[in-house]
Each structure stands twice: as C-alpha cells, then as structure tokens.
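The values are calculated or read from the model by the stated rules, or taken from the named source; none is laboratory data. Predicted, not measured: the structure shown is a model, and the values here were computed from it. All Cβ positions, glycine included, derive from the backbone under ideal geometry; neighbour counts span all protein chains shown. Heads up: the accessible areas ignore ligands, DNA and RNA and are worked out on the full protein's heavy atoms, side chains in. Shrake-Rupley method; radii C 1.70, N 1.55, O 1.52, S 1.80 Å.
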Amino acid sequence: MNILNILSEIEKVDEDIYDRLSPRRRVMQDFYNVGRKISMAALPLALSSMFTKAYGQSGTRTVNDVLNFALTLEYLEYHFYNHTVVGKDPASSVKDVTFNFPSTAALQAITTIRDHEKAHVDFLKAVLGSAARPELAYTNFDFRAGGTYNADNSYASGGTFGDVYTNYATFLKVATAFEDTGVRAYKGQAGFLKGNQVVLTAALQIHAVEARHASHLRQMAAAAGLTIKPWITYTANGNDTGVAPADAVYAGEQNTTQATIPITNIATGVTQAAAAESFDEALATANVVTIANLFLKPAFRL
Amino acid sequence: MKSEQDNLSTSGTRTVKEGYNRRKFLSALGLGTAGAALLTSCGHNDFYDEFRNNNNNKGTTIDFKDDIGILNYAYALEQLEAAFYTEVVAKSSAVFSASQNAFLNDIKLHEIAHREFFKKALGSNAIGSLEVDFSSVNFTSKDSVLATAKAFEDLGVAAYNGAGYKITTEAYLVIAGQIVSVEARHAAWIRDQISNGSFSDLNSLTALGADNSKGLDAALPPSKVLPIAATFIKTKIDVKNAF
C-alpha cells in the first residue's frame, strides 16, 4: 500500500484533494511526519479519518456532483414552465396546455420564472463545461408523475397529477412543490460547498431566487383558492399545501428546533407556526432524488 | 419620528453622515430622488441627538476573524429588521389591509425569532442590543414602509448570500441557508405589495450583486452591507477583519 500513489490517483479525478486535506498542506506534512511511526495495519484507518475530514459526511460528493445535481433540478423546473409558456402561444404546436391563466400578470410571472430557470440551466452548464451531465429534454420528463405516454411522447392517461396542464390549480400545486423542493435541495447541498467562494455563493444566489419564486407561486395559489402563505407554516407533517402527494416535499418542515435551540416561544408571540415559518429546512440528496424521480421517465431517473 | 428603542437605549452614537449614506442606501436599492426627498424630508430631532450625546457611547465590535463575527453580523441585521417590523406593526396597520397586516405581523415574528436565535446561539459572545434610527421612515405612509421593508429584505438576502462562504461550521452554514430563503420569501411578498410581479426582478438588484443574465440573486460582502445598514443604526459598530 502506497499512500502517495493513492493520493496521486485521487488527484487525477479531484485536483483539489491536497487543498481539501489541508489548505496549507500542513496535514500532509503532519501525516508524513507521523507516518513513519504508524504500522501498515493502521494506515487505512488513518486515511479514513483524513477523508472524513476532507469531504464531510458525504464521503465522495464533489463540487461537480453538486452542480450536476442542481442542473438536473433546473432542467426539471425549466421544462415544466417552458412547456406551459410555449403551450399558451396560439402559434405553438404544443396543444395540451388547456387551462387558462386568470390574468396576463399570472402568465407573465410564470414566464419570468421560466426565464430564471433557463438562466440557471445555462449558467450551470457553463460552469460545468465538459463535466456537465447529458442534456434533459421536455420529453424525458413525466410531469403527470406516473402518466402513460404514446409512442410520439404525447400524453395518454393517468398520473398523480394527470391534469397538471389542464387544471390551473394543479399546475400551481406542482409548481409550488418544485420551487419549495428546489429551496430545500440547494440548502441540503450547501455543506458540500462550504468555503467555496465562487460556487457556494452562486448556489446561494440561485437558492434565494428559488425562494422568491416559491413565495410568489404560493401567492398565486392563494389567489386561486388554496389556503397557503408565502412562507411554509406549521402543520403536523410539515406539508402546509394540503396537497397530499407532495408530503415528501415538506417532510421535516414542521421542525421548530434549530441548532438545539427551541424557537417556539423564544420571545413573546413566537408561536409554533411562526417558529416553523421562520426557518426553512434542508433536504438531503437522497430525498430530493426520490422526489425528482417521480417526474422523470424511467430511463432518465437519477 | 423616533423609534421606541431611542428611549430605551443607554448607549450609542451616530457614526455616519446620514444624509450622504441615506442617498447611497436609496440609490443602491433603486429608489429614485423622489424617494430620497421623501425620506430626508422627515427631519431629525435635536433633542435625541443631545440625549444620545449625553450617554456613554460604548459602541460594539464585530470581528470577522471567525464564525462568531459572522453570526454577530447576522444578529445585528436581524436586530435591525425585528425593530423595524415591530414599529410597522405598532404604527402602520391603518394603511394596510387585514391580510397585509397579518403577513407583516408574521414577518415581524420571523425576524424576532431570528434575532433571538442568534442571541441564544452566541450566548456570551453576542454583541449588545443596537440602537436603531428609523426617523427617515414615515410609518403612516404605505409607500415609505414598503420601500424600507423591500430595502431591508433585499439587503438581508445579499448579506447572507455574500457571507456564506466565510462560515466554517457546517451547521451554521445550513442555518444561514435556512434563514436566507425565508428572507427571500419576505422580499418577494413585499415587492409584490409594491408592484405585483416584481418578486424576483433581478435587474433591480444589480447594485446588490445580482446578475439577471445568470439568474443570480443579490450577494454582498459585509464591507458593502454594513455601511448601508448603518444609516439605520446609531450604535457605533467597529468592524475588524472585514471582507
């Protein structure tokens, strides 16, 4: 076993490995200094603890993993909205978007959100360069969540949200779930980008835009008759939308303890509802993957 | 028009030329000269200047050398926001609808929750209570209240986004993320009360570091955020290791 070869191999796929281990390589020097005294049997354990420190809880989740994961979610959001916006153009060949927006302002809002999602896709692709995941097209998605499709990719029947493009309320419910998922997903990835000025900052900037979208979509949903606030309020299972199929999107949002500090009644008037609303919750990669896969056709699932 | 905090305060002094900085603040946030004239027309009360000058001007220090500094920075901004919405809820209900008042009260409670969280999390490392000055805000004017609220929320988003990469403790980084998305939800709602559909008008946030072409929201370092926030804070804040 030759540790230098191992690190050299890792460096081929992760050129930042030495910086991860120690920005000043002091850890490496320490390791070399101590290494002579460590028996060969102890080496795997010593290595293991080094990598736990370097990569946090993830083990091997790289910056590119995070960016490609984000890119998948941005493709999902972009195609969802784009199909709607294109479908409302009378000249378009897309004919299955049959619900009507209640106002031009509503269509404009969805167009604004679509444009941001497109900007996110283009930005992430540019940052990733040749490392970007394969492009996802509209037909790679199943926005009805379990629908069946004809050979020409047109919708046949079924799906949890089978009326997503024929019922404005369903469309808003799915849109809200996507944005709230996006907000949670970026938060869940932040730890993997800790200390990375360029990438973490950009991820946080995208994250905030998703939160603005979520806030507005929730206002649109309220205007369409749902009982919902711009922020996620307390319910027993975290899901304040009343849309049961979206439970997984909101699981954990009922949390009112932050960093071991109980928020409810932390000051006069801070109710359980206010405590839950005041902190959005992160969602781990695996949970986000489960949600995203509901809307991806089988061959394209994560 | 003075905030209640003025009367309660035992320390603090104004450390900036407010006229200049308010203009800078307003221009950074896209408010035109009309808005500036509106705000500056709310005069200053000399009595309170005397009151403050006769007190001990202890001030406070935020040292960005570690996470404690970043958390205190967030604590300072949350103090400012919580104080602002406390005033709004107390003084502005007549100019808003019932549903708007309900959401403004929600926002007040969120900001208080954030403030108290940081106070508890910091414990003995927490800076003291800041003395605020909202004399430039007309709390009986819907436009003045909403313009100021928008400025605070967008600035809050910029502050958390711009400081996140300096946080070394993962748990605190996640907390910052948990709070900034709530601030962004506030910002979107406030903006929609001013002009429906402006919830994420990134072109209007360029001065705060947003980039519409990339779909990126605001992000500013403390060295740019604090001078803007300082126009509403009378307590002298010494900054060390700023970035």
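Measuring between alpha carbons in the structure, the pairs from B:LYS120/B:LYS236; B:LYS58/B:LYS108; A:LYS194/B:LYS234; A:LYS194/B:LYS224; B:LYS166/B:LYS240; A:LYS229/B:LYS142 lying more than 24 angstrom apart are B:LYS58/B:LYS108; A:LYS194/B:LYS234. Residues whose amide H falls under 5 Å from that of B:THR60, counting only those 5 or more places apart or on a different chain, are B:LYS236, B:ILE237, B:ASP238, with hydrogens built in the peptide plane.
Summarising the amide proton neighbourhood of A:LEU296: residues at separation of 5 or more, or on other chains, whose placed amide H is nearer than 5 Å comprise A:ASP142. Over all orientations, the range A:215-254 has a Cα convex hull whose mean projected area works out to 2.6 square nanometres.
Shielding value for B:99-110 is 4, the average number of Cβ atoms from other chains within 10 Å of each residue's Cβ. Computed over the alpha carbons of the range B:109-192, Rg followed by Dmax gives 14.4, 43 Å.
In terms of accessible area, using a 1.4 Å probe and ignoring ligands and nucleic acids, B:VAL137, A:VAL198 rank largest first as A:VAL198, B:VAL137.
Taken residue by residue and averaged, Cβ atoms of other chains lying within 10 Å of the Cβ of B:207-213 number 2. Here the range A:107-238 is treated as a Stokes sphere of Kirkwood radius computed over C-alpha pairs; at 25 °C and 0.890 mPa s its diffusion coefficient rounds to 147 µm²/s. The packing ranking, built from the mean of other Cβ atoms within 10 Å per residue, places the peptides A:283-294, B:105-116 in the order B:105-116, A:283-294, highest first.
From largest accessible area down, sort B:LYS65, A:LYS118; use a 1.4 Å probe on the protein chains.
B:LYS65, A:LYS118
So if I take the centroid of the Cα atoms in the range A:117-180 and the same for the range B:131-164, what is the distance between those two points in Å? What the calculation gives is 37 Å, centre to centre.
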